[in-house]
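The values are calculated or read from the model by the stated rules, or taken from the named source; none is laboratory data. None of the values given here were measured: they were computed from a predicted structure. A quick note on method: Cβ atoms are made from the backbone with ideal geometry, for glycine too, and the neighbour counts reach across all protein chains shown.
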Amino acid sequence: MLELKNLSFTVDGGDRSAEIIRDVSLTVADGEFLVITGPNGGGKSTLARLIMGIEKPTAGQILLNGKDVTDLSVTERARLGVGYAFQQPPRFKGMTVRRLLSLAHGSPLPEDVCCEYLTNVGLCSREYLNREVDASLSGGEVKRIEIATLMARELEVAIFDEPEAGIDLWSFSVLVKTFKNMSKRKHNSVILISHQERIMQLADRIAVIADGVVADLGKKEDVFPRLLSDLNSDCDFREGCGDA
């Protein structure tokens, strides 16, 4: 179980400071599929980075299975089973896709298992296994490979930051099926930041983050209709856009 208790994050800009996350309290149960959505600049990605340890909160606590991880590094949290897929994944010149998947898993993976992970993210697996994760790959390809690396790990909490960004429609449909299977297995908690209606429909619960606070939170059946009625003429979450 992941628990956020009165979490705040302030950026000091010299003459003035900006409070990006304000007193957020949120619990993600074991096996839960939580979708976080909200307007541009609302703090969704910042909240995900706080959970992973990329940013440090200025106040509050983060607990994982009852253990206070607030002051732990990214590496320490990763060892405890927290995984994060970036909006813009890093590239690794000289690192093959197969080697990256094996490193994520923690031991060498057979070719057929690697192929299965790649197929699940919409890549023709045998064409990619021995390719380097470098500039020769498109942004969408690198994004899908990173998602596959999270699937290769045994995680307590898997965080996906706008996985649909830069993905073509066919591959997006494949990813939706993959996330749907993930939610059915319930082997780990999934936090997925998205504006896409099809992804929100997979959620157990939806959290709306706006102006750094939890503006709405509840079961998908309750929150999603409110989103549809509130956003008809404003920023359309279903189409997607950037975030802080």
For this session: Determine the pairs where a residue that is within 30 Å of ASN65 (Cα to Cα) and of a type outside the set (S, T, N, Q), located within the stretch 151-174, has a partner that is part of a loop (DSSP other than H, G, I, E, B) and at pLDDT below 75 with Cβ atoms under 8 Å apart, the partner being 6 or more residues away or on another chain.
Result: GLU162/GLY240; GLU162/ASP243; GLU164/GLY240
Exercise. For VAL121, are the conditions met, namely being in contact with a helix residue (DSSP H, G or I) (Cβ under 7 Å, 6 or more places away or on another chain), surrounded by 19 or more Cβ atoms within 10 Å (Cβ to Cβ) and more than 15 Å from VAL157 (Cβ to Cβ)?
Worked result: yes
Exercise. Considering the stretch 79-101 alone, what residues qualify as being out of contact with any strand residue (DSSP E or B) (no Cβ under 7 Å at 6 or more places or on another chain) and either exposed (fewer than 13 other Cβ atoms within 10 Å of the Cβ) or without any contact (Cβ under 8 Å) to a residue 24 or more places away in the chain (or both)?
Worked result: ARG79, PRO90, ARG99
For this session: Kindly establish whether VAL74 is in contact with a His (Cβ under 9 Å, 6 or more places away or on another chain), surrounded by fewer than 16 Cβ atoms within 10 Å (Cβ to Cβ) and either of a type in the set (A, V, I, L, M, F, W, C) or within 15 Å of ALA48 (Cα to Cα) (or both).
Result: no
Exercise. Just for the stretch 1-55: of the residues that are charged (D, E, K, R), part of a strand (DSSP E or B) and closer than 21 Å to ILE206 by Cβ, which one is nearest to the chain's Cα centre (by Cα)?
Worked result: GLU3
For this session: For GLU55, work out the one condition from (1) touching a helix residue (DSSP H, G or I) at 6+ places or on another chain (Cβ under 7 Å); (2) farther than 30 Å from SER25 by Cα; (3) acidic (Asp, Glu) it doesn't fulfil.
Result: (2)
For this session: Could you pull out the residue among SER45, SER25, SER17 that is surrounded by fewer than 16 Cβ atoms within 10 Å (Cβ to Cβ), at pLDDT below 95 and touching a strand residue (DSSP E or B) at 6+ places or on another chain (Cβ under 6 Å)?
Result: SER17
For this session: Could you run through the stretch 75-98 and say how many residues are more than 14 Å from LEU150 (Cβ to Cβ) and of a type in the set (Gly, Ala, Ser)?
Result: 1
Problem set entry | Residue that is nearest to LEU64 (Cα to Cα), among those in the stretch 102-150 that are among the hydroxyl-bearing types (Ser, Thr, Tyr) and outside any helix (DSSP H, G or I) | SER107
Exercise. Does at least one position in the stretch 161-178 carry a residue that is at pLDDT below 85, assigned to a loop (DSSP other than H, G, I, E, B), among the small types (Gly, Ala, Ser) and in contact with a helix residue (DSSP H, G or I) (Cβ under 6 Å, 6 or more places away or on another chain)?
Worked result: yes
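Within the stretch 187-230, count every residue that is in a strand (DSSP E or B) and more than 23 Å from ARG22 (Cα to Cα).
Of the residues in the stretch 187-230, 1 are in a strand (DSSP E or B) and more than 23 Å from ARG22 (Cα to Cα).
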